[in-house]
Amino acid sequence: MKYALVIFETDESRKRIQTDRDTHRAAYEDWIGQIAAAGKLVGGDALDTEQAAAVTVRKTTDGAPTVTGGPAHPGEETLGGWFVIDVADREEAVELAKALRTSETVEVRPLLESA
């Protein structure tokens, strides 16, 4: 089954990244490298959360788009990226998410399988 590991940065993780970017990157690369070496990584990407602000497009009740600066759901947690993995079951996906040694939040979501 395929799952998305959705990464959310927190205020604490952003502080740690800014304090020691090399250590943070090494921990991330080790984590994702282990998943890839096990043949479970399908793909993924990190989002630029420092250089460019998010823009949100919403439809009004009459269908007209409105554009606002900032994330769709402002708060302490910011969407930082995602990885897609192919594993046996939800429990394995959760175990892989738990293995991330940095302080980000990881949401585990099943992907819809194509017909």
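Confirm whether Ala115 is modelled with pLDDT under 90 and more than 19 Å from Arg14 (Cα to Cα).
In short, yes.
Check Leu5, Leu47 and return the single one that is open to solvent by less than 60 Å² (accessible area, probe 1.4 Å) and either free of Cβ contacts under 8 Å to residues at least 40 places away in the same chain or in contact with a helix residue (DSSP H, G or I) (Cβ under 7 Å, 6 or more places away or on another chain) (or both).
Leu5
Based on what the data block shows, is Asp30 under 24 Å from Val87 (Cα atoms) and either open to solvent by 90 Å² or more (accessible area, probe 1.4 Å) or out of contact with any helix residue (DSSP H, G or I) (no Cβ under 6 Å at 6 or more places or on another chain) (or both)?
For Asp30, the condition - under 24 Å from Val87 (Cα atoms) and either open to solvent by 90 Å² or more (accessible area, probe 1.4 Å) or out of contact with any helix residue (DSSP H, G or I) (no Cβ under 6 Å at 6 or more places or on another chain) (or both) - is met.
Which residue, of Arg14, Arg101, Arg25, is open to solvent by 40 Å² or more (accessible area, probe 1.4 Å), touching a helix residue (DSSP H, G or I) at 6+ places or on another chain (Cβ under 7 Å) and not in a strand (DSSP E or B)?
Arg101
The values are calculated or read from the model by the stated rules, or taken from the named source; none is laboratory data. The structure displayed is predicted, hence computed values, not measured ones. FYI the Cβ positions are ideal-geometry reconstructions off the backbone, even for glycines, and counts take in every protein chain you see. With ligands, DNA and RNA removed, areas are computed over all heavy atoms of the protein, side chains included. Shrake-Rupley method; radii C 1.70, N 1.55, O 1.52, S 1.80 Å.
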